[in-house]
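What follows is calculated from the coordinates using simple rules that are stated; it is not laboratory data. The structure presented is a predicted model; accordingly, all values stated were derived computationally and were not measured. Every residue, glycine as well, gets a Cβ built from its backbone with ideal geometry; the counts of neighbours run over all protein chains shown.
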Amino acid sequence: MTSPNTQTSSGVKSKKSNLVEIQNYIGGRYVPAASAATFETINPATGEAHGRVAHGTAGDIDQAAQAAQKAYESGPWARMSYAERAKVVAAIGDLILKNREKLALAETTDTGKPISESFDGDILRSAQNFHFFSQFASTFAEETYSASENERHIAVREPVGVCGLITPWNLPLYLATWKIAPALMMGNSIVLKPAEWTPYTATLLGEITKEAGLPDGVYNVVNGFGANEAGEALTRHPLVRSISFTGETSTGKAIMGAAAGTLKKVSFELGGKGANIIFADADLSEAIPTAVRAAFRNQGQICLAGSRLFVERPIYDQVVEKMVALVKAIKVGDPTKSDTQMGALISAEHMEKVMSYLVIGKAEGRLECGGERLSDLGPGNFLSPAVFTGLGIKSRFLQEEIFGPALPIIPFDTEEEAIALANDSPYGLSASIWSSDINRIHRVSRGIKAGMIWVNTWFARDLRTPFGGQKSSGLGREGGRYSLEFFSEAKTISYKYKG
Ligand code: ADP
């Protein structure tokens, strides 16, 4: 990474305090908020502030949108060939790998997730997002139709222009780059508003894009908050032609309303409450440890989590017993230690929310293990992973997205019941089915209303496939050509030749 000077810096320690300065990145430069206002970002594992963040608002969004529009209209980026853009996009991926340790530590400091997860998961996948789209975009074919010998209709793809991206705190760089890479490959300019709790890595990406050769103004970051602040200003800005958002369902609805005024394209990846269904004929040696990972990876803060475990009655007691033993063995603690398996929850506020569901779980069901505030680990947001039994499907514990380390296990008797339980949810993002009967797998996977079904696995992804949810889990799909379609406009050009 280039060494930034103090005028236009980000990610450097302030001389006055121990806090890292995290500025906005607009027009190829690190800048403070126009108002000079800042807010502190807290390390969830220590409860202490570690960064001072530019508090961007509508004025900063306007500056960034103007810079992005200028880069789009007058810069070379939108007019480059796929091959030329691919070189820069791949170079961003290379530089992420070169800076993997620094970025992983930044991500862990912002999120409280284990460093192994940041290093081997989030940051690796962020690089992969750029490498994948740098190659995949060249396969994105335009369509040609021949109405007759002398008439051709060609559907070309052009950039949308300025794309607004709004991202969450659970997988900060991973999910931001999942949008940035395809948006760049299609020739767009970007204004990104990262989650207020995790501004660090997306901001560091500014200097990486510059070093990779991305023209100034193509990638812009405005830090700040959501409703009535920078996030909402982005959704209302007339120069911004599309919004790609990942976050809560209620926020998606608010954004859809705000974006309607300027008729923006929208794509939403929203909440989930994934069903994980284990039939008695499953390979339990795989199904049980995977069910533990599916429920507790990233402190349970993943929209794709297997956050409702349904188990066929004959193996129910055995599965509960083994799950509880494995969950009790999860090593919770300092996320910077390499052997830590579960770190801290994102914020004290979020931990309170998760704990309010633990109260419901204890009142309506039976706590099998965990569910304790781990104060001996210090003031960070540490909870021991919890397993509950005895809860009904209509409980708020099962109907609402807890987004924390709390798993209910529910027995079922028939295949039809398993499908009905899985579908008894406002969400429809993902589900897993564990069985060795191919015909049953076929029936159940067809029966569940969700965007992604895993069979005898969880979290397996091929970046070419559509990713997204049904029902309250989203609108549109990302991945492969689905992302490239969203981040481009189709235009039909019809030709008449003189024969
Ligand atoms: P989470 O609980 O995961 O933070 P949110 O949906 O609240 O989920 O936040 C995801 C992102 O959406 C964050 O970057 C946040 O600042 C932003 N955001 C929240 N509310 C709004 C809003 N009304 N308009 C635009 N962005 C918003």
Compute the length gained on full extension between LYS449 and ASP317: take 0.36 nm times their separation in residues and subtract their Cα-Cα distance, giving the result in nm to one decimal. 44.7 nm
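Rg to Rh ratio, region 275-462, alpha-carbon atoms and Kirkwood radius? Mind dumping the intermediate values first?
Numbers: Rg = 15.8 Å, Rh = 16.6 Å.
My calculation puts Rg/Rh at 0.96.
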What residues from region 182-220 fall in the zone where the backbone N is under 20 Å from a label point 7 Å along the Cα-to-C-beta line of LEU97? 182, 185, 205-214
At a Förster radius of 41 Å, what calculated FRET efficiency corresponds to the Cβ-Cβ distance of GLU416 and ALA141, to the nearest 0.05? 0.45
Helix 284-296 against the longest principal axis of the chain: what's the angle in degrees, Cα atoms only, rounded to the nearest 10? 60
Relative packing of peptides 19-28, 326-335 - highest average C-beta neighbours within 10 Å first: 19-28, 326-335
Segments 76-84, 63-71, 384-392 sorted - mean Cβ within 10 Å per residue, highest first: 63-71, 384-392, 76-84
Once phi for every residue in region 156-170 is put through the Karplus expression 6.51 cos²θ - 1.76 cosθ + 1.60 (θ = phi - 60°), the whole-Hz ³J(HN,Hα) values, with Gly and Pro written as x, are 9, 10, 10, x, 6, x, 8, 9, x, 10, 10, 10, x, 9, 6
What angle do you read, to the nearest 10 degrees and between 0 and 90, between the alpha-carbon axis of helix 313-328 and the longest principal axis of the chain? 70
Would you mind checking the tilt of helix 172-185 against the longest principal axis of the Cα atoms of the chain, expressed as 0 to 90 degrees and rounded to 10? 40
Result: in region 201-359 the number of Lys pairs with C-alpha under 23 Å apart, spaced 8 or more or on different chains, is 11
Summing -39500 (n - 2.57) over every DSSP H run of at least 4 residues in the chain and dividing by its residue count gives a helix-only mean residue ellipticity at 222 nm, to the nearest 500 deg cm²/dmol, of -11500 deg cm²/dmol
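Once the Cβ-Cβ distance between SER375 and LYS337 is put in as r, and R0 is 22 Å, what FRET efficiency do you end up with, to the nearest 0.05? Provide the component values of the computation, followed by the final result.
Numbers: r = 19 Å, r/R0 = 0.84.
Efficiency for this residue pair is about 0.75.
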May I ask what percent, to the nearest 5, of DSSP beta bridges between residues of the chain are antiparallel? 45
LYS498 paired with GLU48, simple spin-label distance in nm, labels 7 Å along Cα-to-beta-carbon: 8.0
Per-residue counts of other Cβ atoms within 10 Å, averaged by peptide: what ranking do you get for 34-43, 268-277, 465-474, 393-402, highest first? 268-277, 465-474, 393-402, 34-43
Percent antiparallel among DSSP beta bridges (both partners in region 275-462, rounded to 5): 15
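Arranged by the count of other C-beta atoms within 10 angstrom, fewest first, what order do SER244, SER146 take?
With the sparsest Cβ surroundings first, the list reads SER146, SER244.
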